[in-house]
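The next block holds one structure in the form of structure tokens; read it before the comments.
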Amino acid sequence: MNSNLSIIKIWLIAISATLLVASCSDETTIFEKLEDNLVKETNQLKLDNSVSFDRAGVLDIYEDPISSAKRYNASGKVEQAGDYPLTLVAQIAPPTFENGENLAATHVALNGDYGYVSYNTIGQDYVGAVDVIDISDPNNPRVTSRVYFTNADLNSIAYDAGYVYVAGGVDSEKSVTATSNSVVAKIAVSGGRLNTSDITFGFQEGFNATDVSIMNNNVIATSGQDGFVVIYDKNDMSILNEAAFADLRSVAYNGNEIAVLDAAQGVSFLDQSLNVTRSINIESDFGIDAKRTLDFSKDNIVVAEGSKGAGIYNATSGSFVEYLPILLSPDNAEQGDIVTNGVAVNEDVLLMANGAGGLSINESKSDNTVGFGVIALTGSINYVASKGDYVFAASGKSGFQIIKLNRPTQSLVSSCENLASFNGNSRYSVPSGEEQAYSGSKRFNSLTVDGTLLLCGSWTVKDDITINENGVFEMNGTIVVGRTNRSRDIVVKAGATLRIEGSVSIYGDLMLEDGATVEFLGESTIAVVWGSVIRTGSATVTGTFNDYFSKF
């Protein structure tokens, strides 16, 4: 999907600030304290209300037909439990304000407990914004700071050492001070708050700045048609070096070298002096005015190639490895282009932002990469970032969506290592009189326990969990049931026992019949019940735990 880089746009800046001139470029201008064009959102209630939990909870994955065929038994009728027990934490609506009613999420940077999001404007207006999102509590992400750019489209964002760096465009023809159309802004941030009194602007040639990244003590930025890749000094945003390219869309740095994506040619690898050391010629149509990114993945580099999907190339030799096609979900009814805009690599997972084609997940194997399926999200996905246990997907006018991978911690993996891996049905039942114990990380449709079941790992359950009379269900790790717009319950019947050590989230009710028992073990167990805890008769709850929503 085209993502509104608007390389034909120009950006109006009306400022009163200190002017510094650096000599490396023809006219490189640095501005400080552009407060006239920056507006802080001071209404915390508005920030809080931008977070939506309307679709939070267990995520479906529309699996690739080849991959999903392997998950059915020999008769072809029983679906096996699936990998990737993902959950949607929340959705963040795009900012809105006077003269800024049509913003779309463009890019995400992740660092520690915070996500940083950039926005631009669909159409001819030049309006953007930056959000800071606190994700330290996975059950309650919060927008802690927001700054509106009343005259800027912002196309990319990066974070480093207490500052965010945003790249966008300016209207140099309508400004007496801006010397070129592409801009990179450095803004201080601390404790989740943007400090607009500590901001520095640098300009470079090109119709629009398209991407920004951090390289040691420097900042690297690219600009689009007739633009440059530019290295700035992080301290004062003065230009240290620059090199001209035809139509740059993205930049990546792997700790050793720089890679840039030029829509007119392909991928160029640069040393830290911006000398081209080798190139990969790519003949794909990267589109006009379209966001396309690239990312390093071990020995390879992955390139978003529009309608072709993602191209994977050996980063050393430049040789073609494989294409990852765009996988389509059966319920995808979004309008617009189905093209790969962005790629992100997180350990053995490769994610593709495919515009109206959604967000697909792929598995990196030792010798190839296999498409797994499309995550059931709303909106058109134009950028994806992933780090640690989180995925942030920018969804244009739908804002962005926070996804949790729910990977088991290493300590949990170690504690589960003596148990057999689970490879059973997605609608799993444990017969009366049987004792079963498994480790793993799976997606269930439902669980029914008549005997005894121990699950150790990370799990999601699309529908209900039912523990029948005298049954025992023990869970060590993380389990999530249902979702907000499709609530499902855990039902513990008479004489049955639910034993939890770790985290249980129920997007529905916990129903305890007469004589049922719930036992919480350990010192850090948490129960997140979005519905109600319904007790009947002599049902008991024991143990010390964090009753997150005070439902007990």
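One table, with the values for the structure above:
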item	result
For the chain: relative contact order, % (alpha-carbon pairs under 8 angstrom, 6 or more apart)	12
Value at 222 nm in deg cm²/dmol, rounded to 500, when DSSP H runs of n ≥ 4 in the chain each add -39,500 (n - 2.57)	-500 deg cm²/dmol
Sulfur and carbon atoms: percent of accessible area, segment 498-552 [1.4 Å]	47
Directionally averaged shadow of segment 168-303, computed from the convex hull of its alpha-carbon atoms, nm²	9.2
Surface accessible to a 1.4 Å probe, Leu328 within the full protein complex, Å²	110
Formal net charge of residues neighbouring Phe286 (Cβ-Cβ distance under 11 Å; K, R +1; D, E -1)	-2
Heavy-atom accessible surface of segment 124-238: percent carbon and sulfur, 1.4 Å	38
Cα convex hull of segment 395-454 - mean projected area over all directions, nm²	5.9
Where the chain is the region considered: accessible area per residue in Å², 1.4 Å probe	38
Probe 1.4 Å, all protein chains present, accessible-area order of Ser297, Ser550, largest first	Ser550, Ser297
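The values are calculated or read from the model by the stated rules, or taken from the named source; none is laboratory data. Here the structure is a predicted model, which means the values were calculated and not measured. Every residue, glycine as well, gets a Cβ built from its backbone with ideal geometry; the counts of neighbours run over all protein chains shown. Heavy atoms of the whole protein, side chains included, go into the accessibility calculation; ligands, DNA and RNA do not. Shrake-Rupley method; radii C 1.70, N 1.55, O 1.52, S 1.80 Å.
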